[in-house]
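Visitor: Below is the structure I would like to discuss, written out as structure tokens.
The values are calculated or read from the model by the stated rules, or taken from the named source; none is laboratory data. Remember, predicted model here, so these are calculated numbers, not experimental data. Reconstructed Cβ throughout: ideal geometry from the backbone, glycine too, with neighbour counts over all protein chains shown.
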Amino acid sequence: MEPALPPCTPADDAAAWALTLIRTRQTVLPKRLVAPGPDAAQLQLLFEAAAAAPDHEQRLPWRFIGVPAEQRARLAEVFALALLDRDPAALPQQVEMAREKAHRAPLLMLAVARLDDADTEVPAAERWISLGCAIQNVLLAAHAMGYGSALTSGQAINSPRLRELFALRPGEVPVCFVNVGTVGAAKARKPRPDAGRFFSWL
């Protein structure tokens, strides 16, 4: 697991602890995420964190679909066939590398946006934001537990084969995979962008 964060007790400054949690979170590539992953109780806490995301009238414009170990081979085959659909001349080692991506992080979930056009009260942009907040809550909760995490997508995310495997309904958009697990090898954290690059006053 990642280095433990200092515990937050009633005597601590909760805001400072929360900021430390946010500022120390980093992406850990799935190939560096190893077992163990979150147990059943921790997984439930990740779901509770996701459910705390802003969500207009609790419409749940998103959902997560977990890929257990016994289903990874099916996902691996989708990754391989999706590559061959895009590039029939792909080399065998490239196809095998595509398959291997399905067998990395202990916890693997597909994040899905639910963009029902019949819902005219909540703009699509707001629903996208809700999903983004849910994902970030999961990443921060995993970090608080000492796990590493990453988001991955790739061209296979748009494959009809992937839609079929996950039984996605009309209006549902596969966005990315959420990967969570124990950090197998630490890596230096890249510096964050300075506020001057993304903030200005009107």
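Visitor: Please indicate, with yes or no, whether at least one residue in segment 114-129 is under 26 Å from Ala35 (Cβ atoms) and either at pLDDT 95 or above or not in a helix (DSSP H, G or I) (or both). Even if it seems obvious, please write down each step before you answer.
Guide: Step one: filter segment 114-129 for residues under 26 Å from Ala35 (Cβ atoms), giving none.
The answer is no; no qualifying residue exists.
Visitor: Let me ask something else. Within the group Ala82, Ala105, which residue is at pLDDT 95 or above, surrounded by 14 or more Cβ atoms within 10 Å (Cβ to Cβ) and more than 19 Å from the chain's Cα centre (by Cα)?
Guide: Values: Ala105 fails: more than 19 Å from the chain's Cα centre (by Cα).
Ala82 is the lone residue from the list that is at pLDDT 95 or above, surrounded by 14 or more Cβ atoms within 10 Å (Cβ to Cβ) and more than 19 Å from the chain's Cα centre (by Cα).
Visitor: Next up: Taking the criterion of being touching a residue at least 24 places away in the same chain (Cβ under 8 Å), surrounded by fewer than 18 Cβ atoms within 10 Å (Cβ to Cβ) and touching an Asp or Glu at 6+ places or on another chain (Cβ under 7 Å), would at least one residue in segment 137-156 satisfy it?
Guide: So far as segment 137-156 goes, yes, one or more of its residues are touching a residue at least 24 places away in the same chain (Cβ under 8 Å), surrounded by fewer than 18 Cβ atoms within 10 Å (Cβ to Cβ) and touching an Asp or Glu at 6+ places or on another chain (Cβ under 7 Å).
Visitor: Related question: Output the qualifying pairs, or none if there are none: Cβ atoms under 7 angstrom, residues six or more apart or on different chains, first residue in segment 176-192 and basic (Lys, Arg), second residue surrounded by 12 or more Cβ atoms within 10 Å (Cβ to Cβ).
Guide: Once the first residue is basic (Lys, Arg) and sits in segment 176-192, its partners that are surrounded by 12 or more Cβ atoms within 10 Å (Cβ to Cβ) give Arg189/Gln26.
Visitor: Say we look at segment 56-71 and pick out the residues that are closer than 11 Å to Met109 by Cα and not in a loop (DSSP other than H, G, I, E, B); which of these is nearest to the chain's Cα centre (by Cα)?
Guide: Restricting attention to segment 56-71, the residues satisfying the condition of being closer than 11 Å to Met109 by Cα are 63-68.
Filter again for not in a loop (DSSP other than H, G, I, E, B), leaving 63-66.
Values: Arg63: 11, Phe64: 9, Ile65: 11, Gly66: 11 Å.
Here the residue is Phe64.
Visitor: May I pose another question? Might you let me know whether segment 186-194 holds any residue that is surrounded by 11 or more Cβ atoms within 10 Å (Cβ to Cβ) and in contact with a strand residue (DSSP E or B) (Cβ under 6 Å, 6 or more places away or on another chain)?
Guide: To start, the set of residues in segment 186-194 that are surrounded by 11 or more Cβ atoms within 10 Å (Cβ to Cβ) comprises 186-187, 189.
Then drop every residue that is not in contact with a strand residue (DSSP E or B) (Cβ under 6 Å, 6 or more places away or on another chain), which leaves none.
No - not one qualifying residue is present in segment 186-194.
Visitor: Here is a further query. Test each condition in (1) surrounded by fewer than 21 Cβ atoms within 10 Å (Cβ to Cβ); (2) in a helix (DSSP H, G or I) for Leu168 and report the one that comes out false.
Guide: Here Leu168 meets the rest and fails (2).
Visitor: Further question on the same structure: Residues in segment 176-192: is at least one of a type in the set (A, V, I, L, M), at pLDDT below 95 and farther than 25 Å from Thr20 by Cα? First the steps, then the outcome.
Guide: So the first thing to find is which residues in segment 176-192 are of a type in the set (A, V, I, L, M), and the list is 178, 180, 183, 185-186, 188.
Subset that is at pLDDT below 95: 185-186, 188.
This time we only want the ones that are farther than 25 Å from Thr20 by Cα, so: none.
No, every residue in segment 176-192 fails to be of a type in the set (A, V, I, L, M), at pLDDT below 95 and farther than 25 Å from Thr20 by Cα.
Visitor: Taking Ala90 as the residue in question, decide whether it is exposed (fewer than 10 other Cβ atoms within 10 Å of the Cβ), modelled with pLDDT of 95 or more and aliphatic (A, V, I, L, M).
Guide: Numbers: exposed (fewer than 10 other Cβ atoms within 10 Å of the Cβ): no; modelled with pLDDT of 95 or more: yes; aliphatic (A, V, I, L, M): yes.
No, not satisfied.
Visitor: From the set of residues in segment 56-72 that are at pLDDT 95 or above and loosely packed, with under 12 Cβ neighbours inside 10 Å, which is nearest to Ala134 (Cα to Cα)?
Guide: Only one residue fits best here, namely Gly66.
Visitor: Every residue in segment 24-39 that is within 30 Å of Glu96 (Cβ to Cβ), assigned to a helix (DSSP H, G or I) and touching a helix residue (DSSP H, G or I) at 6+ places or on another chain (Cβ under 8 Å), please.
Guide: Taking segment 24-39 and keeping what is within 30 Å of Glu96 (Cβ to Cβ), we get 26-38.
Retained after the next criterion (residues that are assigned to a helix (DSSP H, G or I)): 30-32.
Passing the criteria: only Pro30.
Visitor: A follow-up question, please. Is it the case that Gln42 is of a type outside the set (Val, Ile, Thr), loosely packed, with under 15 Cβ neighbours inside 10 Å, in a helix (DSSP H, G or I) and at pLDDT 95 or above?
Guide: Numbers: of a type outside the set (Val, Ile, Thr): yes; loosely packed, with under 15 Cβ neighbours inside 10 Å: no; in a helix (DSSP H, G or I): yes; at pLDDT 95 or above: yes.
Criteria not met by Gln42.
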